[in-house]
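Q: If you scroll down you'll find the structure; I have some questions about it.
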């Protein structure tokens, strides 16, 4: 009796074990409308509330960000309402999206629509992606510079661009006013004078997120940029060995900036994470950080009254040298062998160009869309508005860190940290950058 | 009688065998299948991938032979620094966690109210989720230390604990010891309570002092606990990953990159899947050798009651 009971128990346990194993893939895509504020972290899944009738189609969407999910859900609901029988199943994977997407591809659970950062990340998936090159009607709805970011050398277009993302030094306007800074610094010497003024006014000049290697690496790309070559040209030149770091016009200024940061940032700079960096800026505890306009929603949440603006990175001698780097945050890519190819294409186009979708991008996410269908709508935040001005004035250059290979931040970031700690000299850091780019060629 | 009994006995023998086979299938096969699918088959596939150049996503794998291994041994500095970190970490972790937990276990092995509360107290960190642990320590090292520094002025609280490589190393050892000490303590207590009291009393009567009684009588008898605790703490130290992932991300200046974290980064951030599998094979081989030696050494020390 006892033994039979034990056998049954063991059997049940084994079955549960196997069942648990089998459903683990599905557990991330539970249904039900789940939404949260802007930019949540972690993996969460929401799927449309819609139709449960038979014979319906489920469109699987892998979303690598989770910005303004409430408004996003409205777009999806609208899409489902326009397409009876279609259910959109979205996985929002804001954290570790690369790993999750890779495991979904490896396990054969390939989403119909998936998002990637343009550049090295997206290139990994080009062989799976639908080529939009012949859909000229669709492509004409996007700015050509943005489409170019998802285009390879032979003209295949593997993804549709989402919104622009712009980065530079960001400063708190009130802090600058309090310190009596009226014109933006255009050289490192002027920046140093302004740091002194800020310090005299009792404000910590910098709060760079030194813990995050990606912040440091992104910051360094302003000094790599050769404006005559733009991002692609500079990276290609460095990788092929045609130019070296000694040829870069503004590279040495990077160490001037790092020296300023060493002098005027907190002693615990390598402990500052991106959240506290953004927080200190928004609340006026520190005047300058390096970040992009994607953080606008965070700033607004941290301090609704914060007045912020971009400070073009003063890499050279004049305002013309100063850099603001802008690119597209995400590419919407369609799986080319998807059974729902047309629907997936329609979905991308709907999300990126429809009135509802543009409303999500401008009002919800507070960003500048890469599509040109509803230019009457524009973002309201300080930084996206600022970046729109720079983009329209043609003063922006492309992003280097996204096309420099996926291990760029992890490789060079620690060397920058080492310089800030005094473990490495400027030459050590330069050599590490040089070796990184040579190894990519 | 005999004629009647014999076939029955044969039948029952057969039945017993059949029953045993059935038992084997019911009890062992599910577990075996699970281990096979989750561990052994992926391991074999690992060996296969380690000779390819593959980004982990593409359908095209390029055969490169032992090129991945050559690259690891000749030009991968970060991998070997991560080894150095992991070995240092394991060394300190194994010694400190075992010494502390054994001391606590000796103090709390008696059956009284104080000991019960004490055990719970030490066990709690072990059952807290890792995310909570990381939040707790971020708070301790951040705002808590800051305000202590302001009120006391002691430089101990003002140091950049997570911003300097050496200090971050100490912090990691402290956190992992604090987190796991309860687990090893329970193991040691289990060993200690199973030692018959008369052995210790006999030692006392023979004139052994407490120190001698512990080393000469108690310690050899709890050797099975020591052996299992050393094994688990060794493998924990080598495989250190999760706390790095949520807490330091390998920083500052790559000083806390463990081997497991380096392999993870190689596979999923750098998209060098082949290289990562090659690295993991080296890692597995090393762990097998070390734990093998360790088991041998401690098994020799074990004594039968």
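Q: With the contact rule set at Cα under 8 Å and sequence spacing of 6 or more, what percent relative contact order holds for chain B?
A: Once normalised by length, the contact order is 28 percent.
Q: Which whole-number percentage describes the relative contact order of region A:178-292, with Cα contacts under 8 Å and a sequence gap of 6 or more?
A: 42
Q: A follow-up question, please. Among B:290-302, A:174-186, what's the highest-first ranking by average C-beta atoms within 10 angstrom per residue?
A: A:174-186, B:290-302
Q: What does the average come to when, for each residue of peptide B:74-80, you count the partner chain Cβ atoms lying within 10 Å of its Cβ?
A: Mean partner shielding for this stretch: 1.
Q: Let me ask you something else. Where does each of B:21, B:78, A:213 land when they are ranked from fewest to most other beta-carbon atoms within 10 angstrom?
A: Starting with the residue having the fewest Cβ neighbours, the order is B:21, B:78, A:213.
Q: Another one. Per residue of A:153-164, how many C-beta atoms from partner chains lie within 10 Å of its own C-beta, taken as a mean?
A: Mean partner shielding for this stretch: 0.
Q: Quick one: if you stick a label point 7 Å off each Cα along the C-beta vector at residue A:267 and residue B:18, how many nm between them?
A: About 8.1 nm separates the two model spin labels.
Q: Report, as an integer, the average count of C-beta atoms from other chains found within 10 Å of each Cβ along B:234-242.
A: 0
Q: Follow-up. State, as an integer percentage, the relative contact order of region B:197-305 based on alpha-carbon contacts under 8 Å between residues 6 or more apart.
A: Contact order relative to length: 31 percent.
Q: Let me ask you something else. Okay, which of region B:176-198 sit inside 18 Å, backbone N to the point 7 Å along the Cα-Cβ direction of residue B:115?
A: Counting backbone N atoms under 18 Å from the label point, the list is B:182-198.
Q: Quickly rank B:112-119, A:89-96 as a protection proxy: mean count of other C-beta atoms within 10 Å, highest first.
A: A:89-96, B:112-119
Q: So if R0 is 25 Å, what FRET efficiency would residue A:317 and residue A:178 give, r being the distance between their Cβ atoms, rounded to the nearest 0.05?
A: E(calc), rounded to 0.05, equals 0.35.
Q: List, largest first, the extents of the alpha carbons of region B:62-301 along their principal axes, each in whole Å.
A: Taking the Cα atoms of region B:62-301, the three principal extents are 71, 54, 27 Å.
Q: I've got another one for you. Highest first, please rank the peptides A:399-411, A:376-388 by the mean number of other Cβ atoms sitting within 10 Å of their residues.
A: Top of the packing list down: A:399-411, A:376-388.
Q: Let me ask you something else. From the alpha carbon gyration tensor of the protein assembly as shown, can you work out the equivalent ellipsoid semi-axes (sqrt of 5 times each eigenvalue) and give them in Å, largest to smallest?
A: Output for the protein assembly as shown: semi-axes of 52, 37, 25 Å.
Q: To continue, here is another question. Ignoring everything except DSSP H segments at least 4 long, calculate the 222 nm mean residue ellipticity for the protein assembly as shown; use -39,500 (n - 2.57) per segment, divide by total residues, nearest 500.
A: After summing the helix terms and dividing by residue count, I get -17000 deg cm²/dmol.
Q: For B:83, A:132, B:154, what ranking results if the residue with the fewest other Cβ atoms within 10 Å of its Cβ goes first?
A: B:154, B:83, A:132
Q: Evaluated at 20 °C with a viscosity of 1.002 mPa s, what Stokes-Einstein diffusion coefficient in µm²/s does chain A have when Rh comes from the Kirkwood expression over alpha-carbon pairs?
A: For the chosen part, D equals 92 µm²/s.
Q: Residues of region B:255-296 with backbone nitrogen within less than 20 Å of a virtual label 7 Å along the Cα-to-Cβ line of residue B:61, please, listed as ranges.
A: Residues B:263-285 fall inside that zone.
Q: First measure r as the distance between the Cβ atoms of residue A:136 and residue A:81, then evaluate 1/(1 + (r/R0)^6) with R0 = 25 Å and state the FRET efficiency to the nearest 0.05.
A: Once the sixth-power term is evaluated, E becomes 0.30.
Q: Which length gain, in nm to one decimal place, applies between residue B:75 and residue B:43 when the Cα-Cα distance is subtracted from 0.36 nm times their residue separation?
A: 9.0 nm
Q: Shifting gears a bit: So how far apart, in nm, are the two label points at residue B:289 and residue B:212 if each is 7 Å from Cα heading toward Cβ?
A: 4.2
Q: Sticking with this structure for a sec: R0 = 45 Å: FRET efficiency of residue A:190 with residue A:378, Cβ-based, nearest 0.05?
A: The calculated FRET efficiency here is 0.90.
Q: Can you give me the angle between helix A:408-421 and the longest principal axis of chain A, using Cα atoms only, in degrees from 0 to 90, rounded to the nearest 10?
A: 40
Computed from the coordinates by the stated procedures, all read-outs in this text should not be read as laboratory data. Keep in mind that this is a model prediction, so the values were computed, not measured. All Cβ positions, even for glycine, are placed from backbone atoms using ideal geometry, and neighbour counts span all protein chains on display.
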